[in-house]
Amino acid sequence: MKKIALAIALTGLGSAALAAPDWSKAPAKKIPVFFPGPAGYEWVMTKSDHSAANQLIEKGRTCAYCHDEDAVEIGGKMVAAKPVGNAKAPLETNPPTGKLGAFPVSVQGSHDGKKMTLRFEFDAPKPSGGKKMDPKNDLKLTVMFDDNKVDGARQNGCWSTCHQDLRTMPDANDAAKTNPKAKALGWSDGATKYLKESRTALEMKTKPRGGWDKLKSDAEIDALLKEGKFMDLMQWKSGKGEKPVDGYVLDARHMEGGKSLLKAEGKKEGDKWVITFERSLSADGKGDHAITAGKPYNFGFAIHTDGAAARFHYVSLGYTFGLDDPKADVNIVKQ
């Protein structure tokens, strides 16, 4: 009888440890996501293009400091092909037909001391009826975060990975597809996201902007990875049979290597989507950051709706999350 009682007790403990978070006890942060058009890192950080660039460069302020509320307006101008910032002409000259400029997302976090769960809830925009770029996945949600080591991540979140010469961007170059490292870097359709730390130079003003072809050596990239200068990446896809992605961004966007993502799930009820990422707090694989108490982490996220791909997504500005940290934008509370 004692053995049976002990087994029941242990089973009960196991069930409690695996219980889903009580989201009514986790504070929610409303974050707007908006259509950014072809505005990459170089555009954002150039004063002649972006009226608030001096706030970033000279005063060290974050993008969200100025645009947390008017991100909705920016997205509206992009989808209407109207000028943004200091530009006299529209930055986005061919916006997707019927695309909504922006929508709000509720973000929450919970942890149990060993793993954390991030929860995203939103009403996805109605389908535009146009051709789907990614017919396998009606919706994708990607999260990227930094351990306070990537230059600019505190200010602009995942914008540190977005450049003017990526595939589908204004200065994209087909030569990336035939580069000797194209296969290893996942460039079959062109250059993917990267960090400026991985390049020997970055052209900010003169076209073509960016530095996809100015890769540092393999030894230098390995050293940066060991130093933690990368963006951890997690992605959930809605397509049947699609597996969650646990990767990172440094010299390119690597869609594998990580081992800290335990589970990613999504469900749709009516027009509402709820997507959760359950992740170990430890760094268990290549491109994984350890998450510890006492410091904020810089993060941003992107949502591809209606079968969109590449840059035709909605994005957030840069925000912070932290374990039991009321000062962070998203406070990941212990339960």
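Values quoted throughout were computed directly from the atomic coordinates according to the rules given, and no laboratory measurement underlies them. Since this is a predicted model, take the numbers as computed values, not measurements. Using ideal geometry, Cβ is built from the backbone for each residue, glycine included, and neighbour counts are taken over all protein chains shown.
Given R₀ = 22 Å, FRET efficiency for SER282-ASP22 by Cβ-Cβ distance, to 0.05? Efficiency, rounded to the nearest 0.05: 0.40. Around the Cα centre of the chain, unit charges on the Cβ atoms of Lys, Arg, Asp and Glu (plus for the first two, minus for the last two) sum to a dipole of about 460 debye.
Put in order of Cβ neighbour count within 10 Å, fewest first, the listed residues SER238, SER106, SER24 become SER24, SER106, SER238.
Dipole of the chain computed with +1 at Lys/Arg Cβ and -1 at Asp/Glu Cβ about the Cα centre; of ALA64, GLY270, ILE74, farthest Cα towards the positive end is GLY270. Would you give the gap between the C-alpha center of the range 103-147 and the C-alpha center of the range 253-297, rounded to a whole Å? Their Cα centres are 11 Å away from one another.
Legend: distances between Cα atoms for LYS115/LYS229; LYS114/LYS286; LYS30/LYS207; LYS216/LYS327; LYS193/LYS272; pairs beyond 27 Å are LYS30/LYS207; LYS216/LYS327; LYS193/LYS272. Whole-Hz Karplus values for the range 240-245 come out as 5, x, 6, 9, x, 9 Hz, taken residue by residue from phi with 6.51 cos²θ - 1.76 cosθ + 1.60 and θ = phi - 60°; glycine and proline positions read x.
Applying the Karplus relation 6.51 cos²θ - 1.76 cosθ + 1.60 with θ = phi - 60° to the range 273-290 yields 3J(HN,Hα) values of 9, 10, 10, 10, 10, 9, 9, 5, 6, 8, 8, 9, x, 5, x, 9, 9, 6 Hz, where x marks Gly and Pro. Only the Cβ atoms of Lys and Arg (+1) and of Asp and Glu (-1) were treated as charged; on that basis the dipole of the range 253-309 about its Cα centre amounts to roughly 160 debye. For the range 144-154, 3J(HN,Hα) computed residue by residue from phi via the Karplus equation (6.51, -1.76, 1.60; θ = phi - 60°) reads 10, 8, 10, 9, 6, 10, 8, 4, x, 5, 5 Hz, glycine and proline entered as x. Using only alpha carbons, the chain has a radius of gyration to Kirkwood radius ratio (Rg to Rh) of 0.98.
Straight-line cross-link reach from LYS267 at under 18 Å between alpha-carbon atoms covers these lysines, not counting any fewer than eight positions away in the same chain: LYS126, LYS136, LYS140, LYS237, LYS240, LYS243. Kindly identify the range 136-211 as rounded, prolate or oblate by the Cα gyration tensor criterion: order the square roots of the eigenvalues as a ≥ b ≥ c, call it rounded if a/c is under 1.5, otherwise compare a/b with b/c, prolate if a/b is larger, else oblate. Taking the square roots of the gyration eigenvalues as a ≥ b ≥ c, the range 136-211 is oblate. Under 5 Å between amide hydrogens, built in the peptide plane, is the criterion, and for ARG253 it picks out THR192, LYS193 among residues at least 5 positions away or on other chains. For the chain, complete DSSP H runs whose alpha carbons reach 20 Å or more along their own long axis and whose mean Kyte-Doolittle score is -0.5 or higher are 2-17.
Averaged over all directions, how much area does the convex hull of the C-alpha atoms of the range 159-249 cover when projected, in nm²?
Values: hull surface 27.0 nm².
Its Cα hull, projected and averaged over all orientations, spans 6.7 nm².
Ranking of HIS313, HIS163 by neighbouring Cβ atoms within 10 Å, starting from the fewest: HIS313, HIS163. Seen from GLY76, the other residues with C-beta closer than 10 Å to its C-beta sum to a net charge of 0, counting Lys and Arg as +1 and Asp and Glu as -1.
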